[in-house]
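Worksheet for the structure shown next.
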């Protein structure tokens, strides 16, 4: 396989992972309807993922130095515990559309932070145009023709926190992926994500009955979230980030709403409208333009 074919493969993998993550909103909603809290869902899915990566992959324990180990802990917090708690708490106290829109602008936040921090990333008209197209498309897909923005300061602030968490996660991943393998990084994310989630249960204890784990809808959705959306997808995401760069990889997060709307229409009977199709095309155009930019990774 030549280099061009390899690059196409890397981008296709990033697309599949982003679309898979878009489906997880539906899986989580089904589990919440069955009585699980967002914190319980996150904990179980990361336990499944951590067990998988511990059993099937090499078991190097620590990074090369304390500074890198601290970076791994930050990856677990920003891409795991704090991100999920902020996002799901925001959904509980604010409007879902607001939260979805703010969180899905994470690639834009990542790009702005990268421009501010790194000398090798510059604002160009292509990046600006692509970001505008993608953000407009995300809004059209999420609001699905009913653009009514309700302000909830606390909820929207938490959604912004989740957005910034993913931006920081992406930029941290940009650095460590140059020195560590995808398997090691992913296992650290799962470990520190779980470790830093434990204090939340001191505030809000576990309430979901163990007997309900025998319910097909419960274990089936948890297995998908843990094995596919966490273990496989986080591993592939770390790998393609190493190959094509964090900024290009993160841009595919814009695709999340597309699969969310499609899967919601299939499993939750939530209708798609023409506005969603137009928005999807704008997202695809924005991602395509941004990822054709040279010296942008």
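The values are calculated or read from the model by the stated rules, or taken from the named source; none is laboratory data. Note that this is a predicted model, so its numbers are computed, not measured. When we count neighbours, we look across all protein chains shown, and the Cβ atoms used for this are built from the backbone with ideal geometry, even at glycine.
What about residue 102, is it modelled with pLDDT under 85 and either surrounded by fewer than 16 Cβ atoms within 10 Å (Cβ to Cβ) or under 20 Å from the mean Cα position of the chain (by Cα) (or both)?
Taking the combined requirement at face value, the residue satisfies it.
It is to be established whether one or more residues within region 179-196 are part of a helix (DSSP H, G or I), modelled with pLDDT of 90 or more and more than 20 Å from residue 51 (Cβ to Cβ).
No, region 179-196 contains no residue that is part of a helix (DSSP H, G or I), modelled with pLDDT of 90 or more and more than 20 Å from residue 51 (Cβ to Cβ).
When only residues in region 208-218 that are in contact with a helix residue (DSSP H, G or I) (Cβ under 8 Å, 6 or more places away or on another chain) and surrounded by fewer than 15 Cβ atoms within 10 Å (Cβ to Cβ) count, which is nearest to residue 35 (Cα to Cα)?
212
Return only the number of the condition from (1) assigned to a helix (DSSP H, G or I); (2) at pLDDT 90 or above that residue 206 does not satisfy.
Going through (1) assigned to a helix (DSSP H, G or I); (2) at pLDDT 90 or above one by one, residue 206 breaks only (1).
Return yes when residue 71 is buried (at least 16 other Cβ atoms within 10 Å of the Cβ) and farther than 24 Å from residue 218 by Cα and no when it is not. Full working, then the answer.
Working: buried (at least 16 other Cβ atoms within 10 Å of the Cβ): yes; farther than 24 Å from residue 218 by Cα: yes.
It is true that residue 71 is buried (at least 16 other Cβ atoms within 10 Å of the Cβ) and farther than 24 Å from residue 218 by Cα.
Of the residues 282, 227, 222, which is at pLDDT 90 or above, more than 20 Å from residue 169 (Cα to Cα) and buried (at least 18 other Cβ atoms within 10 Å of the Cβ)? Don't jump to the end; show me each part of the working.
Working: 282 fails: at pLDDT 90 or above; 227 fails: buried (at least 18 other Cβ atoms within 10 Å of the Cβ).
Exactly one residue qualifies, and that residue is 222.
Looking at 61, 51, which one is out of contact with any helix residue (DSSP H, G or I) (no Cβ under 8 Å at 6 or more places or on another chain), over 26 Å from residue 155 (Cβ atoms) and at pLDDT 90 or above?
Step by step, each of 61, 51 is checked, and only 51 is out of contact with any helix residue (DSSP H, G or I) (no Cβ under 8 Å at 6 or more places or on another chain), over 26 Å from residue 155 (Cβ atoms) and at pLDDT 90 or above.
Within region 64-79, identify whether any single residue is closer than 21 Å to residue 259 by Cα and modelled with pLDDT of 85 or more, and answer yes or no.
Yes, region 64-79 contains a residue that is closer than 21 Å to residue 259 by Cα and modelled with pLDDT of 85 or more.
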